[in-house]
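The values are calculated or read from the model by the stated rules, or taken from the named source; none is laboratory data. None of these values were measured; they are calculated from a predicted model. Every residue, glycine among them, receives a Cβ derived from its backbone with ideal geometry; neighbour counts consider all protein chains shown. What goes into the accessible areas is simple: the full protein's heavy atoms, side chains included, and nothing from ligands, DNA or RNA. Shrake-Rupley method; radii C 1.70, N 1.55, O 1.52, S 1.80 Å.
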2 protein chains.
Amino acid sequence: MNIGFIGLGVMGQPMAEHLITADHSVHLYRVKERSRHLVELGGHAAGSPKAVAEAADIVILMVPDTPDVEAVLFGEQGVAQGLSAGKTVIDMSSISPVATRGFASRIAALDCAYLDAPVSGGEAGAKAASLSIMVGGGQKDFDRVLPILEVMGKNINLVGGVGDGQTAKVANQIIVALTIGAVSEGLLFASKAGADPAKVRAALMGGLASSKILEMHGQRMIDRTFEPGFRISLHQKDINNALKAARSLKMSLPSTALAQEIFNACAAQGHGELDHSALIRALESMAAHEIGA
Amino acid sequence: MNIGFIGLGVMGQPMAEHLITADHSVHLYRVKERSRHLVELGGHAAGSPKAVAEAADIVILMVPDTPDVEAVLFGEQGVAQGLSAGKTVIDMSSISPVATRGFASRIAALDCAYLDAPVSGGEAGAKAASLSIMVGGGQKDFDRVLPILEVMGKNINLVGGVGDGQTAKVANQIIVALTIGAVSEGLLFASKAGADPAKVRAALMGGLASSKILEMHGQRMIDRTFEPGFRISLHQKDINNALKAARSLKMSLPSTALAQEIFNACAAQGHGELDHSALIRALESMAAHEIGA
């Protein structure tokens, strides 16, 4: 199939590579030195998002944030200028659910389909083609592109209509950030009270406190392995989307707001480019105590 | 074996019953109308904690809070007055780790052993003999009483020295409360943004946001089944212990403090005797939106 792939960063590169090696004809933008190998593998370098949309039937976006999606879709030489009726846009970036609905209706006006399909699983999941993919859009469109998504991920769910994939991703990022905060305060308390946080973590894993975060990030906190993984600065972007959306939806997310403030403290202390499990370091600085010490 | 069991409440009754039906000679305090069936099953009603300690080699406590443990151990006609050298006290209540160390040293002065062994798993776990038990104390004492604990629980860990069992339980209660807060904000956001919280929960269960709380309490929030379970009023007691201990340890638990305030709002709204998953109701009231609606 003719597929377009726009956004060849840390996530996009391995995702596009899986599509190329699955024998799709993949039109790439924007190929730089670090993504040159994708052309050597058989990908086609395109000169603009518009050129990608002209060449492909399905155009996938994997860019950093809401303004990037808007620029790629509707900017000068953008995707919208190259689309024709019957084509499909899949936005796999993590952006605003509210903005997504606006983008989708502008694409629908061109008689094209739009799916939002943000992912979780990070660089490791992208490389292993094991991403979780949360999709918003129509059932028929979902069914049609599912074989393409299955080349990049494993746990793939149609959550609801357009925007609901982004909503699920925001909910995911809220829960992940706050669960990291939960594990941080629990293990830090245990350590400061004189217990061995590794033994406490092990004892808690069997019960109601158990989570993927206690298992993976709890171990990172104990081992002091804070190389990303998923950077605090990126999680701050996602939580910023959550808090902005919450304000526009007229709702209060008090614990999410506090988690953002703790991430802000991490950034202030120079830890913004560490893994989000390093959230514990801001709490450790307040307690004058490190759990690994 | 001659076992004493003090505290025949919602948790203590089924725990004592398992010991009786496992053919131990169990001395009970305080038998009331609702625990009369334990005597019919073969338990022995004692007239005081002192009488229990005189009759038993191992004295188990399962009472509400720190002052109750102190009164039962060191009050008039208390356990300490009935103990003789070589006996063992196991406190399975959930109380202050700091106070626990004081109680243990007073019991040690009588040439008796002391283990703190708080549990998690609630009434259902007590009835099913599947409690998680977090133990603090000496390895030899732990090994000696392990067969007794195995009559009441399944996931049984020696976490460290005296007090470390209580510390692990406090850490457990911190993580559970904050994870309930995490799931509440995530699902409420999803619902208010127009997505189906049940589909979002299902999509998130495979990934980094997955937890026992998302699985069980997330389902409760969606189904609106807030009958306890574990009451908000009891979780407030545990979080109060956590915050008091944190202050005396000179550390800050900002997210735990916020969770307590949200529980306080639940209590203000008349939900203190609901299951702790009803934490979401305080957030729902702020958002003027119920996820089940």
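Based on the mean of other beta carbon atoms within 10 Å per residue, what is the order of A:225-233, A:276-284, A:211-219, most packed first?
Descending mean neighbour count gives A:276-284, A:211-219, A:225-233.
Pull up all non-local amide H partners of B:Gly4: gap of 5 or more, or a different chain, and H-to-H distance under 5 Å with H placed in the peptide plane.
Residues meeting the amide H criterion: B:His27, B:Asp57, B:Ile58, B:Val59, B:Ile60.
Counting only protein heavy atoms and a 1.4 Å probe, tell me what percentage of the stretch B:57-126's accessible area is made up of carbon and sulfur.
For the stretch B:57-126, the apolar C and S fraction of the accessible surface comes to 54 percent.
Measuring from centroid to centroid over Cα atoms, what is the spacing of the stretch B:25-85 and the stretch A:6-30 in Å?
The two parts, judged by their Cα centres, are 70 Å apart.
Return the long-range amide H neighbours of A:Ser210 (sequence gap of 5 or more, or a different chain), with a cut-off of under 5 Å between placed amide H atoms.
B:Lys212
From the label point of B:Asp111, set 7 Å along Cα to the beta carbon, how far off in nm is each other copy's matching point, shortest first?
Ordered by increasing distance: 9.7 nm.
A:Val10 versus B:Ala128, label points 7 Å from Cα toward the beta carbon: distance in nm?
With each label point 7 Å from Cα toward Cβ, the separation is 4.0 nm.
In peptide B:130-139, how many Cβ atoms from other protein chains are near each Cβ within 10 Å, on average?
If you average over the peptide's residues, the count of other-chain Cβ atoms is 2.
Leaving out ligands and nucleic acids, and using a 1.4 Å probe, what accessible area per residue does chain A come to in Å²?
It amounts to 36 Å² per residue over chain A.
With respect to the symmetry axis carrying chain A onto chain B, which residue of chain A exhibits the smallest Cβ distance to that axis, and what is the value in whole Å?
That would be A:Ser211, 2.
Taking a label point 7 Å from Cα toward Cβ, how far is B:Arg36 from its twins in the other copies, in nm, shortest first?
With the label placed 7 Å along Cα→Cβ, B:Arg36 yields 8.9 nm.
Enumerate the lysines that B:Lys250 could reach by cross-link, defined here as Cα to Cα under 23 Å, with residues fewer than 8 away along the same chain left out.
By straight Cα distance, B:Lys250 reaches A:Lys192, A:Lys199, B:Lys169, B:Lys237.
Please identify, among A:Leu146, A:Leu83, A:Leu73, the residue showing maximal mean-square fluctuation in a Gaussian network model of chain A using a 10 angstrom Cα cutoff.
Maximum among the listed residues: A:Leu146.
Work out from phi, with θ = phi - 60° and the Karplus expression 6.51 cos²θ - 1.76 cosθ + 1.60, the ³J(HN,Hα) of each residue of the stretch B:105-118, listed in order in whole Hz, and give x for Gly and Pro.
Running phi through 6.51 cos²θ - 1.76 cosθ + 1.60 with θ = phi - 60° gives 6, 5, 6, 4, 5, 8, 6, 10, 8, 9, 10, 9, 9, x Hz.
What are the label-to-label distances in nm, one decimal and shortest first, from B:Lys244 to the same spot in the other copies, with labels 7 Å along Cα to Cβ?
Nearest to farthest, the other copies are at 4.5 nm.
Counting protein heavy atoms only and a 1.4 angstrom probe, how many square angstrom of accessible surface do chains A and B bury in total, to the nearest 100?
Its buried surface, counting both partners, is about 5000 Å².
Given only helices, namely DSSP H runs of n ≥ 4 each adding -39500 (n - 2.57), what is the per-residue ellipticity at 222 nm of chain A, to the nearest 500 deg cm²/dmol?
It lands at -16000 deg cm²/dmol.
Round to the nearest 10 and report in Å² the accessible area of A:Lys237, as given by a 1.4 Å probe over the protein chains' heavy atoms.
40 Å²
Checking the a/c ratio against 1.5 first, then a/b against b/c, what shape does the Cα gyration tensor give for the protein assembly as shown?
prolate
Considering every residue in A:252-262, what mean count of other chain Cβ atoms within 10 Å of its Cβ is obtained?
For this peptide, the per-residue mean of nearby foreign Cβ atoms is 6.
Please identify every one of the trypsin sites (Lys or Arg not before Pro) in the stretch A:4-62 that sits in a loop by DSSP and has no more than 14 other beta carbons within 10 Å of its own beta carbon.
Sparse-neighbourhood loop trypsin sites (Lys or Arg not before Pro): A:Lys32.
Please check: in the Gaussian network model of chain A (C-alpha springs, under 10 Å), which one of A:Ala16, A:Ala171, A:Ala195 has the largest mean-square fluctuation.
A:Ala195
Using a/c under 1.5 as the rounded threshold, could you call the stretch A:1-136 rounded, prolate or oblate? The axes a ≥ b ≥ c are square roots of the C-alpha gyration tensor eigenvalues, and prolate needs a/b larger than b/c, oblate otherwise.
oblate
Over chain A, what is the relative contact order in whole percent, taking alpha-carbon pairs under 8 Å and six or more residues apart?
13 percent.
Let me make sure I get this right: for chain B, a, b and c are the square roots of the gyration tensor eigenvalues over alpha carbons, sorted descending. Under 1.5 in a/c it's rounded, otherwise prolate if a/b > b/c, else oblate. Which is it?
prolate
At a probe size of 1.4 Å, how large is the accessible area of B:Glu290, to the nearest 10 Å²?
90 Å²
Summarise the partner chain shielding of A:149-160 as one whole number: the mean count of Cβ atoms from other chains within 10 Å of each residue's Cβ.
Partner Cβ neighbours, averaged per residue: 3.
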